[in-house]
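Remarks on the structure that follows.
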Amino acid sequence: MGKKLVIEPLTRVEGNARVTIMLDDDGKVRDSWVQVIELRGFEKFCIGRPVEEMPRVVTRICGVCPWAHHLASAKAADALFEVEIPDAAGKIREAAYAAHVIHSHLLHFFFLAAADFLTEPGEGYQVRNIIGLASKNPDLVRKAVRVRHMAQQMTEIIAASAMHPDAVVPGGFSRPLKEEQRQELLPMARECLDFALFAIDFSKEKVFKPKMELLKQEIPLVTGYLGMVDPKGGLNFYDGKLRLKLPGDNGSHQEFDPVDYRDYIDEQRMDWSYAKFPYARSAGRLSLDPEDPAGVYRANSLARLNVCDFIPTPLAQQELLEYRAAAGRVVHHSFFHHWARLIEVIYNAERAIELLEDTGITDARVREKVSPRAGRGVGVVEAPRGTLIHDYEADSKGYITKVNLIVGTTHSSAAMHIDVLKTARQVLDGGRSDEEALNKIEMAIRAYDPCFSCATHKMDGSVPVKMEIRDARGRVIRTLSN
Amino acid sequence: MSCQVWGAKVAVIGCGNLLFGDDGFGPAVVERLQTRYRLPRGVVVVDAGTGAGELLLDTVLSEETPKTLIIIDAMNFGLEAGTVEEIPLEAIPVQKRADFSVHQFPALDILKELKEHRGVDLRLLGCQVETLPEEIRPGLSASVARAVDRTADKVFNIICREVQN
């Protein structure tokens with residue numbers, strides 16, 4: 001029986017992040033367990049509720065991505081009720097969602113990640129946070145705050161509430177968009193685009209291009225990728241088919257309707273985690289062994305740009321071509337999430353402008369009547385952190401009988417597990433357990449930007465981590481926290 | 001919503017997840033304030049749910065900040081359930097950050113920045129939870145539910161004093 005080393009950063013409701021590292025008697029890392037997102041009891045809580053209540057309930061799941069849950073849930077209900085929503089409702093939903101993605105992506109890039117690479121590496125954590133960044137680059141941060149706020153205001157104009165939205169309903173949208181609102185929103189969307197273009201130029205010059213040579217020397221984890229595409233294979237966040245680029249296969253992918261996701265994605269329970277681990281069914285098995293991984297895939301910005309053939313808006317497409325010329329057609333290194341994320345901000349701003357320039361978005365018909373029926377409905381959107389799947393079954397009276405959710409971060413659970421294990425073997429073998437080791441394990445987790453961390457980030461963008469080292473009998477022999 | 005908080009004379013933020021029992025205390029007090037009280041002009045009351053950290057991060061970076069910021073949250077201090085205490089920020093030890101609050105409480109760093117560098121009069125009201133469900137189960141325990149009315153009263157009194165000043 002070896003030592004058991006536990007990194008337990010947070011209480012259960014706060015963040016659900018826990019890393020347990022098992023050492024053998026020689027002090028070498030035998031295995032590691034990474035546990036994230038344990039939304040326990042959600043299925044039981046939903047059973048017996050009316051389907052139409054779900055889009056309102058799910059916004060309380062997550063304070064960071066309420067819009068993604070709100071939309072995926074409404075789309076699942078649409079599918080279950082077999083209703084075709086009016087065109088204008090689809091456009092309003094997508095415009096609101098584009099604004100939400102801009103708001104969320106700018107949070108991550110500027111407020112959580114940018115301080116790491118826009119302040120001097122030698123500076124301490126007191127400076128390497130958003131406040132430190134604001135004191136050194138006041139104009140940049142002021143602009144980022146203004147545009148982020150503007151994106152949130154856009155969702156408020158469209159849907160009244162940005163934090164706990166209830167405007168998306170099964171069958172469409174709860175109210176039409178007025179012409180004066182459309183005219184108020186358009187310049188806001190254009191300002192978002194202007195800032196996105198400024199931000200990507202700034203970041204290419206200051207961050208992405210200077211780092212290219214260094215990044216090419218690092219060996220990243222090679223996995224499969226999942227993301228949504230439109231009927232022509234272009235990037236889409238709101239609707240389309242799912243494309244799963246197969247792990248290990250160069251260039252080949254499977255494409256399927258979201259309702260068929262179970263035929264392509266299987267989920268495996270681990271005896272040490274409440275969360276299920278999704279994996280590519282075509283691999284036949286899930287293996288978390290770093291020497292022999294199988295079925296492992298990732299979702300998020302990197303994945304979306306890896307699976308799509310192109311981006312259907314002109315300026316984002318131009319940036320995609322430059323990104324691919326620099327980083328490759330299929331990009332594996334986690335650092336490129338940042339570059340991909342900014343391209344996605346441009347896409348969402350352009351998409352919002354397209355939708356708002358279309359006067360059809362103000363059509364008064366925004367809602368179809370729905371009637372209870374027994375059946376199954378699957379709703380999928382690309383949440384900022386990856387493909388979000390809501391899968392509901394209901395009885396003939398319209399009450400929920402079964403629910404399955406796969407959230408964005410979960411798709412990357414297996415890959416994150418492997419990265420943490422590889423890191424732990426590099427830094428902890430031999431029984432070493434200092435703060436540097438702790439930081440490296442934290443960085444391995446942070447690279448995935450798992451959704452528990454976005455709710456609990458410190459200002460320096462780090463994930464609060466407490467590491468306890470226990471001996472073979474479970475006694476705590478040392479505690480470290482960052 | 002962020003901009004309303006930024007420019008407010010008094011901003012009240014209720015934090016918590018109402019799907020998890022007593023963790024819904026903050027939103028319950030906010031709901032009571034919004035529905036049973038006539039709030040003076042310049043006062044903003046927000047149910048931030050589990051998104052309080054992001055809201056306050058925006059606030060700390062904004063050009064304007066509220067004069068007074070009242071945060072209402074469920075907490076675990078080992079006191080009698082339903083006890084509501086005003087907690088000085090300095091009293092929260094850094095190492096207690098993880099187990100001080102029961103959900104996505106705003107990072108202490110942000111609160112300190114607001115108070116010490118942006119000059120915000122920060123008031124933190126915490127209610128001792130009775131139980132926290134392991135699984136999703138909405139609804140406050142009897143002792144915490146009883147604290148909602150008197151906390152709303154207390155917050156309203158603070159609001160009135162601050163608005164007059």
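Bear in mind that the values in this text are calculations on the coordinates, not laboratory data. Just so it is clear, the model here is predicted, and its values are computed rather than measured. Because the Cβ atoms are built from the backbone with ideal geometry, glycine has one as well, and the counts that use them run over all protein chains shown.
Counting other Cβ atoms within 10 Å of each Cβ, which trypsin sites (Lys or Arg not before Pro) in region A:303-349 have at most 12 and sit in a DSSP loop? Passing sites in region A:303-349 are A:ARG329. Sequence-ordered 3J(HN,Hα) estimates for region B:128-144 from the Karplus curve with 6.51, -1.76 and 1.60 and θ = phi - 60° stand at 5, 6, 8, 9, 10, x, 6, 10, 4, 7, x, x, 7, 5, 4, 5, 6 Hz, glycine and proline given as x.
With one equal scatterer per alpha carbon and no solvent term, the Debye-computed log10 I(q)/I(0) for region A:276-343 at 0.21, 0.28 1/Å reads -0.88, -1.21. Its Cα centre serving as origin, region A:48-411 has a Cβ charge dipole (Lys and Arg +1, Asp and Glu -1) of approximately 520 debye. The alpha-carbon of A:LYS204 sits under 19 angstrom from the alpha-carbons of these aspartates and glutamates, leaving out residues fewer than 8 places away in its chain: A:ASP116, A:GLU120, A:ASP139, A:ASP194, A:GLU213, A:GLU319, A:GLU322, A:GLU344.
Computing FRET efficiency as 1/(1 + (r/R0)^6) for A:ALA160 and A:ALA325, where r is the C-beta to C-beta distance and R0 is 45 Å, gives about 0.55. The alpha carbon centroids of region A:384-406 and region A:231-302 are separated by 19 Å. What translational diffusion coefficient, in µm²/s and rounded to a whole number, does the Stokes-Einstein relation yield for region A:48-411 at 20 °C and a viscosity of 1.002 mPa s, taking the hydrodynamic radius as the Kirkwood radius over Cα pairs? Once the numbers are plugged in, D ends up at 101 µm²/s.
With runs of 4+ DSSP H residues as the only contributors, calculate the mean residue ellipticity of chain B at 222 nm using -39,500 (n - 2.57) per run, divided by the residue total and rounded to the nearest 500.
On the way: 6 runs with 59 residues, N = 165.
Rounded to the nearest 500, it is -10500 deg cm²/dmol.
Loop-located trypsin sites (Lys or Arg not before Pro) in region A:209-243 (DSSP state not H, G, I, E or B) with no more than 16 neighbouring Cβ atoms inside 10 Å: A:LYS232.
At 0.36 nm per residue, and after removing the present C-alpha to C-alpha distance, how many nm does the segment from A:GLU179 to A:ARG376 gain when stretched out fully?
That works out to 67.3 nm of additional length.
One chain, two ends: A:ASP309 and A:SER396. Fully extended at 0.36 nm per residue, the span grows by 27.2 nm beyond their Cα-Cα distance. Applying both filters, DSSP loop and at most 15 other Cβ atoms within 10 Å, to the GluC sites (Glu not before Pro) of region A:82-111 gives A:GLU82, A:GLU84. Using the Karplus relation 6.51 cos²θ - 1.76 cosθ + 1.60 with θ = phi - 60°, the per-residue 3J(HN,Hα) values for region A:211-220 come to 8, 4, 4, 4, 5, 5, 7, 8, 9, x Hz, with x marking Gly and Pro.
For a quick check: sort B:LYS115, A:LYS402 by the number of other beta carbons within 10 angstrom, fewest at the front.
Values: B:LYS115 17, A:LYS402 13.
Fewest-to-most ranking of B:LYS115, A:LYS402: A:LYS402, B:LYS115.
Relative contact order, whole percent, for region A:272-417 stands at 27, derived from Cα pairs under 8 Å and 6 or more residues apart. For the residue pairs A:LYS136/A:LYS211; A:LYS178/A:LYS402; B:LYS112/B:LYS154; A:LYS206/B:LYS115, the C-alpha atoms sit more than 31 angstrom apart in A:LYS178/A:LYS402; A:LYS206/B:LYS115. Taking the square roots of five times each eigenvalue of the Cα gyration tensor of region B:2-164, the equivalent ellipsoid has semi-axes of 23, 18, 14 Å, listed largest first.
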